[in-house]
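Bear in mind that the values in this text are calculations on the coordinates, not laboratory data. Please read these numbers as outputs of a predicted model, since none were measured by experiment. So basically every Cβ, Gly included, is an ideal-geometry build from the backbone, and we count neighbours across all protein chains shown.
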Amino acid sequence: MADMLDGFLALSAALTGFTGHRLRGTGQAEAYLATATGIVGEGVMRDLLLAADEARASAGGDAAKHEAELRRLIMSDDRLGPVARNIIRMWYVGSWYQLPKPWREAHGQSPRDHDHVVSPISYTEGLLWPAIGANPAGAKPAGYGMWAMPPRIAPG
Amino acid sequence: MTTSGKDPALTSFEAVAGQEFDVVIVGSGVSGAVIAKQLGARGCRVLVLEAGSGNEITVADYEESVQRFYGSQRKDNNSAYANPRNAPMPRDYETRKLPPGASNTDGYLVQMGPLEIDSTYTRVLGGTTRHWEGKALRMLPDDFRMRSLFGQGRDWPLAYNDLDAHYRAAERELGVAGDVEDQQYGGLDFGPGYVLPMRKMPLSYLDRMIARDLDGMEVTLAGETFPLKVRSTPQARNGVPNPAYDEGRGYKPVGAVSTHQEDKGERCQGNTNCVPICPVQAKYDARRTLYAALETDNVQLLAWTVASRLEVDGATGQVSQLEFKTYDDPDAPGHRVGHVRAKVFVLAANAVENARLMLASDLPGSSNRVGRNLMDHMYLLTWALMPKPAGALRGPICTAGIEDIRTGAYRRHQAAVRYSIHNDGWGWATGSPYSDLEHLVEHENRFGAALRQGLIDRVSRQFLLDCMIEVLPDESNRVSVDPRWVDQMGNPRPVISFGATPYTLETAAFSRRLSRRIFQRLGAEDHTHYDPLAPGYVSHGGEGYVLRGGNHWAGTHIMGTSARDSVVDSTQRSWDHPNLYLAGAGSMASIGTANTTLTLAALCFRTAEAILAGLGTHAPAAATTGARA
Ligand SMILES: Cc1cc2nc3c(=O)[nH]c(=O)nc-3n(C[C@H](O)[C@H](O)[C@H](O)COP(=O)(O)OP(=O)(O)OC[C@H]3O[C@@H](n4cnc5c(N)ncnc54)[C@H](O)[C@@H]3O)c2cc1C
Ligand code: SF4
């Protein structure tokens, strides 16, 4: 699975809008790849990463084209779309959510496919909070009185 | 400062069963802890019984609760705490919309309706302050005279001024941060020169944004005009000590409770997680007071122990002994039954549990008022998007509110209300930010940069205004017990019957109208809506509202001037049982628009004095328990 990590980070960057570097910094990439692969199976994961490669290649550096290709090849695909959306959820709030019923019926059930927090750290590493210049409730506080300042919403 | 010293004085079933103490206290929450500390300091031999675990007094165990919170999928307001089957507690997600005439027995509370309330409490060491939010406002002088001034509810058997010194003691004990200058409204009087222990929490960016456009807006109610102003909210959370406190002696904030030196519990760092747990112990919880009580060496704590029955001498009415059940495993069936005797008994298990225990002991009171007059604040939530990113999800949950309408002649016709500005976004109302992420990903089909921008637009701009509405004492709102419903130990579960009266609903409707005006004035986009299928949905004047529980259970052993229509006197002593005190918000004769804890803590300082006087131990003069700057 180690060979899949780079592809997973590249796909994750496109899905989340955070750079691969920033994603790697959370220390959660391996855990998310393992969680998703463990539930949807290696076949689905490989197809997803291949589709992501294809989207990137055919866009040739054009951001709008890249987005359109991701919609065409992944987001609107019955088999890959729900998995991609779950990868977004993991990065943003640290939780895996059970896949939709039609997906489970068509592509297989997994005993681990239920709502769960990937790990206590995955919650505190959630990207939703940095995306709006805040901190996850109960972790990584900005410090006394910092709430009086405007939010620092930084790209990255 | 860090509380340090030896291991806490946890005692055992064997050491306690069959023994006699000066005072036995049921419950280690703020009520029980305040009384234990005051009595222990005066040399009384005190035993505290606690239904929850005794472990959590150390930082290590506290850390375990923090980790349990991080790891829990459903971050409800009790999610940091285990729910032992032998001492269960209510969880808000157990609340369901009740069809007319139906009841809900799924959770620990049996809810009979007609209004299902999603309030909770926590049965752990230190009680519900473990996950309280920490707002620490005083009640207003008018609140104590509801019948005389407004012809509604009941008068207290004491006046605001009678409680002033005890309020000061409570503000010191809880470590209240606030500026008295911001509290000049509605007849509030702190006495000349008084300051609170710590300076106010800085107002949030959102508070300031709102204040800029809102201050000065006028509201007319029953012919009286109120100018609105965003004011800082006093709260029990560590901030910057006020050097003028205590006649210039200042104040030393109390830090994390620990048996070892620990570098925690300093200033609030803005974790936005005061409910259910503050990771750095900047927020007061009753373990601080309890620990100080144990350090007197006169107070012992028997944990994992549920008080189950009071036994009363039929001739004198005196409580002769208390039956309790001690368990080894929090969840597995099995416990030992013991008894303990004392000169004085104090029930400090909170308004629901005190009433439950009295009724389980077949003691409804000669007035038959035990369990009746159940009160709780009703919250109406309203929410909107500010025109620009406002920095939601940062800082303590609330740092400011709108207090100016807390009293007025309008209270003849409708309930009083105060408003809080939420720094934690729409979470309480909508499950935000999770629900927003869901919406953006699943419905707006966003990802990448568009998703990030969507979150900025939709979450950072969130503004929730809560409307905390007074509820009057009403005898049909009550806690009762019923042999059909018992917990695993065989203790009867609390059965809750509760409904909202037009007096309260009128203010819900008024508050919704006012919130519309406020949003209009701010140019905020109103997103408020009330789901007819949600628990707490009520109709009034042709419009629907959702009322949420305030977690401020009160009134169930109501205070008054005689045994005919009340349960306790102005010292919280039972009219029927001279050696029994029922302590906590259950004694309150009205709840006004203050969250109950500061007031119930003040009452417990008063009760400690009464107990000491009764035991022949000279009570500390009230003046020394408060502080004047
Ligand atoms: C989410 C939430 C937010 C809140 N926010 C605020 C706020 O901002 N401001 C405010 O003023 N108030 C707030 N409150 C209310 C506040 O927590 C309570 O008023 C306060 O904790 C009551 O203190 P108490 O000691 O009387 O009862 P509790 O704190 O409930 O303590 C009772 C203790 O008794 C124990 N016990 C219960 N039954 C038994 C038994 N049979 N035998 C032995 N022990 C028993 C319990 O385990 C517990 O330790 C909030 C409450 C909640 C739930
Ligand atoms: S805002 Fe955070 S640090 Fe401050 S009291 Fe609340 S949880 Fe603790």
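Summary of values
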{"read-out": "In segment B:220-357, lysine pairs closer than 28 Å at Cα, eight or more apart or cross-chain", "value": "5"}
{"read-out": "Ordering of B:188-194, B:395-401 by packing [mean C-beta count within 10 Å, highest first]", "value": "B:395-401, B:188-194"}
{"read-out": "Dipole axis of segment B:59-155 (+1 Lys, Arg; -1 Asp, Glu on Cβ), positive-most option in B:S79, B:V124, B:F144", "value": "B:F144"}
{"read-out": "Cut-off under 5 Å, modelled amide H: who pairs with B:D474 long-range", "value": "B:N373, B:L374"}
{"read-out": "Note, ³J(HN,Hα) from phi for segment B:468-480, Karplus 6.51, -1.76, 1.60, rounded to Hz, x at Gly and Pro", "value": "9, 10, 5, 10, 8, x, 9, 5, 7, 7, 7, 9, 9"}
{"read-out": "For B:S119, distant residues with modelled amide H under 5 Å away", "value": "B:G549, B:N551"}
{"read-out": "Chain B: C-alpha gyration tensor shape, a/c 1.5 cut-off, then a/b vs b/c", "value": "rounded"}
{"read-out": "Acute angle (nearest 10 degrees) that the helix B:30-41 long axis makes with the longest principal axis of chain B, alpha-carbon atoms", "value": "40"}
{"read-out": "Residue mean of other protein chain beta carbons inside 10 Å, B:434-447", "value": "4"}
{"read-out": "HN-Hα J in Hz across segment B:235-240 - Karplus 6.51, -1.76, 1.60, θ = phi - 60°, x for Gly and Pro", "value": "8, 8, 8, 5, x, 9"}
{"read-out": "Length-normalised contact order of segment A:2-139 in % [C-alpha pairs under 8 Å, at least 6 apart]", "value": "21"}
{"read-out": "Tensor-based shape of segment A:1-152 (alpha-carbon gyration tensor, a/c under 1.5 rounded, otherwise prolate or oblate)", "value": "oblate"}
{"read-out": "Helix B:597-614 vs. chain B, principal-axis angle (Cα, 0 to 90°, nearest 10)", "value": "20"}
{"read-out": "Residues with amide H under 5 Å from that of B:V219, placed H, sequence gap 5 or more", "value": "B:F226, B:L228"}
{"read-out": "Helix-only mean residue ellipticity at 222 nm for chain B, each DSSP H run of n ≥ 4 adding -39500 (n - 2.57), per residue, nearest 500", "value": "-6500 deg cm²/dmol"}
{"read-out": "Principal-axis tilt of helix B:351-360 within chain B, Cα atoms, nearest 10 degrees", "value": "40"}
{"read-out": "Pairwise centroid distance, computed over Cα atoms, of segment B:211-238 with segment A:10-86, Å", "value": "49"}
{"read-out": "Alpha-carbon centroids, segment B:288-334 and segment B:451-467: separation in whole Å", "value": "47"}
{"read-out": "Part-to-part distance (alpha-carbon centres) for segment B:373-403 and segment B:475-545, which is given in Å", "value": "16"}
{"read-out": "For segment B:69-158: rounded, prolate or oblate by the Cα gyration tensor [a/c cutoff 1.5]", "value": "oblate"}
{"read-out": "Residue-averaged beta-carbon neighbours from other chains (10 angstrom radius) around B:272-283", "value": "3"}
{"read-out": "Rel. contact order, % - alpha carbon contacts under 8 angstrom, at least six apart, chain B", "value": "23"}
{"read-out": "Per-residue mean of C-beta atoms belonging to partner chains within 10 Å, peptide B:384-391", "value": "2"}
{"read-out": "3J(HN,Hα) from dihedral phi, segment B:284-292, Karplus parametrisation 6.51/-1.76/1.60, rounded to Hz, x for glycine, proline", "value": "4, 9, 5, 4, 4, 5, 4, 4, 5"}
{"read-out": "Entries of A:K101/B:K97; A:K101/A:K140; B:K37/B:K200 with Cα pairs more than 30 Å apart", "value": "A:K101/A:K140"}
